[in-house]
Structure formats: C-alpha cells, structure tokens
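Each value in this text was obtained by applying a stated rule to the coordinates, not by laboratory testing. Model, not experiment: these values are computed from the prediction. In this analysis, Cβ positions are derived from the backbone assuming ideal geometry, glycine residues included, and neighbour counts consider all displayed protein chains.
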Amino acid sequence: MRRSSEQRPIGLRAWAVSLVLVMGGAWAVFHFVDPHRLAGRWPFGVDRTEVDAYAAVAVLPFAEKDSVRVPVLYLGPTRRSGSCWPADRGRGRDTRWMETNGFGDSVDVRPLRSEADGLHVRLRPGSELRGQRSFTLRPATDELLRARFVQLLATELEVLAPELSLIRVISCGKDLGIHVKEEVPDGHFLARHGVSGATAIELVFDPRLGHDLVPRVKGDSLANERLRALWSSSGRHGDAVGVGAWSHWSLLRMLASPDDPWGGEHPSAFMATEQQLIPVFRAPRPDLRGPARTMRSGPVTALVGTEPFVRSFRAAQDRLTTKRGELRERLLLVATTWVPMLHTGEAVHVHMARAEALIDELLRSLQDRELVGRLGLPVEPWPGYALLASEHAPLLSGSEVQEADALAELRRTTKLVVEGDSVVFPRGKYRINGALRFPQGHRVILLPGARIELGADAQLQVRGPLEVRGTKLNPVFVRPAEKGMPHQGLDVVGGAGDAAHISGLQMSGGRADRALVRMQGMAQVVVQGSVLEGASGGTLLHVLGGEVELRGGMMQGGAVQLTQTKALLKDVLLRGAARGRGAGGVVVEGGLVRIEGGATMGQEGAGVRCSSAAKVLLLGAVIDGCAIGLEVRDGATVHVDDVRFRKNDLVFSVSSAGSVRGSSRVVLYRNSFQDNGRDREVDADSSVNEVGTLMEAVRSGERFIP
Amino acid sequence: MSGRRTSGGAGAWMVAVGLIAITVVFAALLGPGRAASIALASITSTLVDDLYEGHPEGGLPLLSITVSPAALDSLNSDLPWSGGTNIRSTVEVGGVEYPARFRYRGALTPSHFLGEKRSFRLTFRDPPPQFPYRKVNVINPKSFNMLNNHMGLWIGGRMGVPVPHDELVRVEVNGTPWGVMELYEQPGDDFLRARGLSDDRVALYKGDFGPVRDRTLGARNLLWQDAGHWQFVGRADSTTAHARLGALVRAVNGHGLSVEARADSIARLLNMDIYLRYLAALWVVNTSHIDQYHNQFLVLDPKDGRFVPVLWDALLMYDQAGAPRYFIHDALAYRVLQVPQWRLQRDRLAWEALKELQRDGLFRARWDEVQDRVRPHLLADRNKFANVTLRAEDVHRYSILHAIRSGQGIQQRASTYWDGLLTRIEQCRVNVQHRGNELVLSTTDECPLELSWAANDSTQVAVLLNGAPLHSIEQGGYHRAVIHRNVAHSSAQPDIYLQDQQFKVEPLEATLTFVPSIPASVRITNAITHAPVE
C-alpha cells in the first residue's frame, strides 16, 4: 500500500470538530476540576498566565456575569498644561479636578517619583476624602492582594498601616483600569492615628539606594538634630527605636515580601521630643534592582537578631497563630471583595482559589519558627559613616591616639554607668589616662563623691550637657593622679540648647597653658559653690558664649575668663595663688557681665580686666591687694558702685590705645578707697566719670546692668 | 557552472587579500601589538556582542535623556572643548521627567569624549529622589569591567570615608541606547545635607586641575602649596572656610615647625579619624590616582569646624609605585604619616578592613552581586568604548569577553595584593634577648610593637627605650606602651611635593631598660593586631 502523495485539505468540518473538542475539553477542565487544583502548579512549564488565558477562553463565554461595583475616580486635565494623566510626566505639581463618591474638588497632583505610572494626589487644606489628605494611585497588580492581607494582619498587631482600596480611574474620559488607592503616611495620617507631634520620615535599609546617611526632615532642625543623635548611637537605643513595634513590623515585611523584606523605602514616624521611632507598614513596591542581599547599619537593623527582638517577633507570630481561624475568615472576606474587582472579566473562581492558597501560605508562615532567622542579612555600614561617629576622632596629636574602647574599658573596670545617652560617674574613684572623649551629644553626670584622677596630660572631653552634682559635704573631686604631673582639665563643647550645671566641684592640678575648665557653645553655664585651684596661674574657668551664672565658691591661683557671655558673678571669691599673688581675677572679653558681691584679692595682674566693648557692672565687691584694681581696655564700659578698693598698687587703668571699639569708660558711683598706691591712669581718649547714684532698678537686679 | 564557481572563488580571494593588505597596512602604521589589540576588540565585539538579542530590563535603573538633537550635534562637533557648554535636557527616571542642564565633561581623559559613549554631567534644580544630588556625572566607566571605580568607592565608604554616591545605570539619549554608564555624584555644597548631616549648605573645596579656558586645559597646581589652588564650590559662606583652609595649608607647608607642633595644628583643622580612614582606604584600594594635583575634595564639617576629605575617583588596583608601606600621595599625607601614632592608627584601620574584605570574602560577594546585575546589560550594551591599548587615543569598542577577562583579572590582582598586605601587617618576627634588666629587640619586619605588663601598685616600673623614657598608659589592669617604628624617606632629598614618594620602615634595634627589673608579666605584641610576636 502506498500512501497517496496528494495533499488532502482539512475541511471545515474537521476544523469545527477539533475546535469543539478542544473547547469542550477546556470547558470541562475549568468547570469540573477543583479550582484549587487549577490554581496550583501546572506540569510541563505551563505558566499561570497561560492558565488564565485558557480559563478566559473556556469559561467566560459561559460564565454568569457578576456585577462588581468598583468605585470610580474621575480626573480632569491639568490646569496649567491642559494635559491628561498619564500623558503629563513632569515632576511638578499641577491642579486637576477630581471627582469620586460625591466628592468633587480641585486637587494637587504629581507623578509618583518612586514608581512609574503612579500618581500622588493631595487635597486642598481643610479638604478631606474619607479622612485622608493625600493618597497615591497606582495600577493594581496581582501582588497587591498579598499586601492587602498583610495590612489586615498589621491592624491585628497594632502597627500603623495606610489604608488600601481599589478604585477605577477615568482620566479625561479614558478608562485607565483598576488602581490601588493608598493613603500617604504623612503628618496628617499620623495625627489621625493618634501619633501627634510626630514627623513622617522615610527610612532606607537597602544599601544600594544612595539616600540619606541619616533621614532628614525639611525645615525642622530639632528633629534633624535628634535624628542625627539617634543614628550616631546605633545599637544603643533599643528603647527609642522600640524593639516590640519594629519586630512586629519586620514580621509583616517578611510576610508581605519574603524575598526582600528590607528593599525599598519605608515610612516611619519620628517623635523628636521623645526621640522615638515608630514603624509604619506600607505595601511593598517593586524594585528593579532585585532583592537586597545586605542591609544598612542603623538603629533598626541593629536590633535584628538580638534576643529581645527574636522573642518579640516570635510572640507576634504566636499572637496571630492563636487567632488563625478567625483571621482566615477575615482574610477570605477580603478576598471575596477584592478578587472580583481585581479580576473583572476573568475566571474569578481560579483567582479566588489562588487567593485561598495565598491565605493558607501566610497562615503557615506564622507557624514557621525559623522565619525570624531569614530576616537577618549581612550588615553593610553606610558609606562614610565616620562622619557620624566623631567620638573616635583623636583630638590631641601629641598624646597617644585615643583608644576607641577607652569608655568601654572604664565602664568595665569602674562603677561608671552608661544609661541611654547619659554617662554617669557614681561615688567612687576613677583613674583616667590620656584624652577621654565622651560620645557626641551624651550627657555626662558626676554624682556626689565621685573622685576623678587624671593622669599626666589627660583630659575629659564632654561633647554635650554636663552635670556635676557635688555638695558641700560630698564634693566631686577632679585631681591629678600624680603630684607634679598636671592634666589638661575638662573641655566641654555643647550644642544649641545644651547646659552645664556644676555644683560642689573641687578641681585642681591643671596645666598652666590650658584652662582648667573650658566651656564652649553651651546655652547656659551655672557654677555654684565650687573650688577651682591653679597652682601656677593661668585660667581656671573659661566660658565662651552663652549665659553664665557663678554663685559662691572660690577660684584660687588663676583667672575666670568670660568671652562674649551674659554673666552674673555673685559672691565669688577670687584669690591669688596660695603663696603670693595670682595671675589675674576676672577677665571679661565682650558681652554683658554683672559682678555682685564677692572679692578679688592678691592678683599679680588686674583684679578685674574688661575689654572688647564689654559692658560690666561692679557692685558691692571688694578688690584688694591687686597690682591693678580695675583695668579697662578696648572700648569697654564699667559701672562701679559700692566697691571697696583696698591696698591696690593702682586703682584704675583705663586706656583706649589701639581700640577699634571706641573709647573706654569707667562710671563711678559711691565707692570707698583705702590704702591704694595710685588712683588712676587714664589716657586722653578714655574717661573716668563720677556721677550720682546708681539706678535702684539696677541695684536691685531688676535691670541687669545700667 | 564551473565558470561561476571560478569567479566566486576569485571574489573571495580578492576580499581575503584585501583584508590581509589592510591588516598589514594597519600593522605597519600602528605597530603589530596595537593593531592586534584594536582588531581583536573590533572582531570580538562584532562576533560576540552583536549577536546577542536580549533586552534585559531589571537590575539597573534607566536614565532616559531628551535633548535637542541640533544642540547635541553642536556639542559633539567640538569635543572636548564644548564640555563647558550646558544645554537644556529632560531626564526621565522611574517614569517621571525632571528638567536638567546637560553638558559633556572630562576634557583631559579621551575615554570620556572619544567613542560613542561620552561622559556628561546633569545639573538639577529639583533632583530625582533616587539620587537626590544637585549635580551628577554620568561617565563612561574607565575599565572594561565597569566596576573598578564603583568597587573602589564601595571599599572606601565601607571603611567610613565619605564617598560620593556611585551606581551603575542604563542610559538612553533621545531614545538611542548609550549602554551602561556610571552615575557619580558631584560633591557640592549639598554634600552633607544630602546625607542628613547638616541643614545648611557647607563649604566645600575641590582640589583639581584648573578649569578649561580658551580651548586650553586647566593649570596643574600643587594643592598644598597655596590655599588659592583649591577651588571653592557652591554658595556657602566662605569666610571661615577660607581662613581655615589657609591655616591648614600653612600647617602643611610652613617651615620650622616640629612634627608635634605641626601635627597639633593639623589635628585642629582636619578630622583626623576620617583622614586616617582615608589614608587606610588609599592603601587598601591600592590607588595612586589621587595625587598632589587632583582628585581631591575637602568639606568643612560645621559640627566641629574641621575639614573632612572625600574619596574621589578611587580606581581599584591603580598601583602605588614600589609597593609602599606608607605611600605619600600628597604633601598633607607626608605630614600626617610622619606622626607614628597616626601611622599606627592607619594601619589598624586598614587591617580591620582587610580582614573583612579578603578573609571574610565580603569583596568577592559584593563584586558578584553587582556583576550579576550588570552583566546582562553589559552583554546587551553595544556601545562599550574604552582604551583598548595603553595609548590615550585608542578608544574603541570592546566586547563582553574583554569585560569578563578584566573582571577576573582585577579580582585576582586584588586578592594577591591583599594577601600580601595581610602578611605584611601581621608578620612580626622579633628577636628578643634578655640581659639583666634589659630586653634587646631586633626585627626587620615592619610591625610596630606593644609592650604590656600588669599594673602593680606596690612596684612602679619605669621603662627606657634606648635610654629615653617610654611613655606608658594604664588600661585594663595593664601598663601599655607602643614602640613605634622609625621610617626613612624614599628619596635622598625629602620634598613634600614630590610625586610617588613613600616612607620605608627601618629595621628595629632597640634596648628596653626596666627599672628596677623586668616584670614577670611583660608581653610583646604586634601593636596593630595585638598578636604575640613570633
């Protein structure tokens, strides 16, 4: 038998039969096979999109038409260019008319910067849509369902999560399809959820994103300062960051995006006053870079893997697992609402089966005890992190480069306590060699009975607030560790708003060429009942800037130097050195200073020296046994009332030589002079005027100085 | 039939002879090595890359730039001198358009402007959130593998040094793919603000060749000779910054200062922690691309009024001549590396980084991660241009094979170099002899030594090093003292402005005298690694 080589045409009937057979087969498969099987994995590499296509062909012509009502949002053209979304892709905001659910108003819109084809909508001040001020619109995708489910779990764990809803967008009459509407987690959102006083910030954990080393709040310098402080002390602020809330957030991220929990940008609330960081769960967004393989160092990632974090993470899993049945019902309810809207015109029962499978997968994950282990990725430090960690910086090159762990070592070997951002020296003895710099912004507290021994050239460097809480009976001592080996004292640099409160400090043994205590940039310095001693002259206390109050106490063998301050010295005793006379009493360089009561005695230089256009009042004080009682230079003005000048070589030396700030001037009220050498040396450009009586308001302190 | 065959064969022969003739002519004109390199690059790029038909999407961000074709043609026709001219452009990132100014850059290096992949700069008024910097450079990467600079900066950043943001991107200009390029932040007065470290603009200086003027390349000035050789960038207040830079330059080039006094001055004007990290990074990255004249930035940190260096153009394995221990890339480095404590600190920072990068395999893992994302785009990139020979003008198209080979080569070189560095840092063989209350130490290895003994209040021990008191500190129940190594200058006539200098570690011959006696607990360790000496 030979087969005919003639080609036989396939007739119409054959086509029709084969079509009916295939369609019938497909119809039978998609009608009688359990949808859960259809929604599962198919053999031979059949993709789920192919299944969807077959289902659409086989089922839809015969399916009952479900009437699913999806809310509609209408957008008009922009006011500026008249163009319609999505034609206008400029980054700027523009105004469009928006109408939905009985709401109609002009709104500000701009394209979403983090995702193509998305839109950011902001309502006018005072206007709200379902309580929301701003929201985003993005084309809805299948992945959204997972995010919606996890959002529901977020409410169970009391993690803030913006509302997600589906909406059909019609722009200038053109149907753009189903979009997801998501509230923007901004200040309004936070206030609406009871987190008042917080600022919305974005955090980045993916090292590939070149964003801020520290998150920044535009126009809020306090919040920025606090954020920098929080970031610079990463890993030491578990309480501020909130282990519980962030572990719950991490669980949600693992459920929503198991392959990439740290990718993208993450909204968060920062409470500057409490210095607290609160997480906000937002649906993951696609990242074309793929999953992050490492995570950035920072206060949040520092928590991952710690024992409290793991415990809290697993507790959250348990909490949800105990409600498994109830949660399944609620998630199914969400699915029955969302799936028909997301898949209008498709084989809904197949998608519904997929949604059920997804729910089961999520609930199974809650029982996975190893889930928390998969969260931890290798930590990648921020590029240039040393800009934050300035405490490692060696300040003094001449001494040994500071060991980074000096503070830790001291903490290990002494009773020193580090609590949050405070370093506390309780009663006890501390030996410090070299320069010990406390971390930037940390408060240093010296409690009564603390005895600090500083080695040769050692220095305490405080870079934040300082509190010395000594008393008359239990002073705080700072002394040289070895006799004859002077140290470099205390160096305090503060930021805006920082204060130094010193009481009951007894300090001695500093180098002659450095101030025993030097304070710079503090908003307020208060020194009470303290004794500072310099063996070889020099400066005992040097304050630069800010408001200063010195009450009582004694300064011996050196000067108090005030540079551009507003200062009150009340009943302070300044003596020369223990043997013979000291270098100088009070040195005022600019600013406003009121010296009330007290005495300056036995100084080799001037009892009080004023320069740089300082305005000074000397009231009720004693200046005794100094080379010069009062020296006034460079345009300074000094009012002198009720002062007793005694046994000074020269009472007044007033000069304007070389002054760039005008004439120097002394105004005398009622004073007493006794056994002084000479009365005054006044050059031609300066003056000493004797006038009547000092204003009562000044005398009483109602006015600071005349 | 046979006649047709004959004429066809003759044609083929003519083509072959023609090709051979062209090859011979090129080989004669260019030299055989150069001609072979160019030919190989051309052939492989045609035979391998041009056959690839994939269009990878993910992995790298896409920058789609639209400029006026006429304006672009005008710039193209006058390269490199048109580099200073800005034209308007629109940059689309993530589906959103941002207006920007566009100009070509890089008049000095031909790979920036020869070929079809030209480096340019974008200046934004309102930058995209993906790279929130006012100015970014989009450059033709300088190596075949495209990752050298990216990885060099990654290492520096990982070591804590401030670095510009750097990432690989895909670029389209007027719809034409330009292939994979390197997006590189241009440091400006927003440098700290973009990192959340300042609310205001900051003073920033660029230490580089002078600007191109009148079709002439900029002047090469010794940066540390005069503060005026630094270019102030941005609109921050410059009053304090100028004074401080002047003081820093004087501290570097001033005469008659002792090492200690000079170091004190420098430490007050420069953040030494970051600068030592910077020096450590230069050693680890093994780059000599930063020198007395260019590739430097200094930012004045408003927090403490000290300057901070920014690592810039840190080409990986751009060898420092003579495998130096203490490479002196400029006059400031000369002054800093004179201070033994700072040398020690730099070494410690480098050692810590090397352990992670090499021993823990972090460099390799990072390289693989970036390469996995880049490679599909590199394969699809038919616009890969670079120097295929060592001659500047030989900027030609190259193939993915070049990129793969280059990537393997650089990894191998880095690995060998870092193994060598680790050995150099950790090796510490010291000959120790006891003579009564003396220890005589000698070594030719480069390690500084740390001497420690238990603190005992009842017996105070004084130590003399070659007759001079050795300063010790008490820490953790031990007295510790470092025996720093003396260094010698590499050239006969030390000059802070010489290029490619180094300090060499001199052999150690030291006598330690303990008064009253050698403590039983005395230990000698490598001061960098704290491991006992061998």
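Below are the figures for this structure:
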quantity	calculated
The range B:13-77 and the range A:610-668: distance between their alpha carbon centers, rounded to Å	84 Å
No Cys partner within the rule (Cβ under 4.7 Å), the protein assembly as shown	A:610, A:626
Restraint check, A:615/A:647; B:135/B:206; B:206/B:355, Cα-Cα greater than 23 Å	A:615/A:647; B:206/B:355
Helical contribution to [θ] at 222 nm, DSSP H n ≥ 4, -39,500 (n - 2.57), averaged over the protein assembly as shown, rounded to 500	-8500 deg cm²/dmol
Anchor residue A:181: lysines whose Cα lies under 16 Å away (excluding residues fewer than 8 positions away in-chain)	none
Column: log10 I(q)/I(0), Debye, Cα scatterers of chain B, q = 0.06, 0.12 Å⁻¹	-0.38, -1.20
Cα gyration tensor shape of chain A, rounded if a/c is under 1.5, else prolate or oblate by comparing a/b with b/c	prolate
Loop trypsin sites (Lys or Arg not before Pro), the range A:460-504 (other Cβ atoms within 10 Å of the site Cβ: 15 or fewer; DSSP)	A:472, A:483
Trypsin sites (Lys or Arg not before Pro) within the range B:226-312, DSSP loop, no more than 11 other Cβ atoms inside 10 Å	B:235
The protein assembly as shown - share of DSSP beta bridges that are antiparallel (%, nearest 5)	50 percent
Within-13-Å neighbourhood charge of residue B:355 [Cβ basis; K, R +1; D, E -1]	-3
Under 18 Å from the Cα of residue B:117 - lysines, other chains or at least 8 residues apart	B:142, B:384
Positive minus negative residues near residue A:486 (Lys, Arg vs Asp, Glu; Cβ under 14 Å)	-1
Gyration tensor verdict on the range B:27-76 (Cα atoms; rounded if a/c is under 1.5, prolate if a/b is larger than b/c, oblate otherwise)	oblate
Proximal aspartates and glutamates relative to residue A:415, as straight alpha-carbon distance under 15 Å, when same-chain residues fewer than 8 apart are discounted	A:453
Semi-axes of the equivalent ellipsoid for the range B:438-510, Cα gyration tensor, largest first, Å	33, 13, 11
For chain A, size of Cβ-based charge dipole, Lys and Arg +1, Asp and Glu -1, in debye	520 debye
Long-range tail of P(r) for the protein assembly as shown (Cα pairs > 51 Å, %)	42 percent
